[in-house]
Each structure stands twice: as structure tokens, then as C-alpha cells.
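Heads up: the structure comes next, in C-alpha cells.
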Amino acid sequence: MKYSKIFQYAYLVFAVLFIYDAISKYMSNGEVAYTSILLGALAIFMFFFRRKFGKKFENRNNSN
């Protein structure tokens, strides 16, 4: 169970990396990196999604 919490925060790390990539490409070339923005948003979504279902799973195990 401890590993799943580590992977939750790995999604945030990847989100920061993708958003940094998009900003750096925009600042240097003036191009909008839609792929990096989309992957950053997806990583943030996955963080909250995994956290919500992790709590549900934990609550279900504690009630038994």
C-alpha cells in the first residue's frame, strides 16, 4: 500500500516536468506545446483520481 502513495506523488512530479517543458518551449520558440500541456493536465487528473480511489479502497479494508 505504501508504494501506491509513492506513485501518486510521481504523477505530480511528471505533471511539473511536462508543464515546465511546455513553458520552456513557449518562452524559447513561441510555440505552444499542446502535447506537454495535455500530459501535464492528465498527470494532475491521475493524481487526484488515484488518491480518491486509494482512500475508498483503504476505507473499505478498514471497515471489514
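The values are calculated or read from the model by the stated rules, or taken from the named source; none is laboratory data. What you see is a predicted model, and the numbers here were worked out from it, not measured in a lab. No Cβ is skipped: glycine too gets one built from the backbone with ideal geometry, and neighbour counts run over all protein chains shown. Calculation scope for accessible area: heavy atoms of the full protein, side chains included, ligands and nucleic acids excluded. Shrake-Rupley method; radii C 1.70, N 1.55, O 1.52, S 1.80 Å.
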Practice task
Run the accessible area of the chain with a 1.4 Å probe and give the carbon-and-sulfur part as a rounded percent.
Solution key: 67
Handout entry: Sum of side-chain charges, Ile37 neighbourhood, beta-carbon under 11 Å (Lys, Arg +1; Asp, Glu -1)
Key = 0
Handout entry: Which labelled figure in [x] 4.5; [y] 4.8; [z] 4.1 is mean projected area of the Cα convex hull in nm², once derived from the coordinates
Key = [z]
Completion exercise
Mean accessible area per residue over the chain (1.4 angstrom probe, all protein chains present, square angstrom) is 84
Fill in the blank from the handout: For the chain the mean separation of alpha carbon contacts under 8 Å (6+ apart) over residue count, i.e. relative contact order in percent, is 38
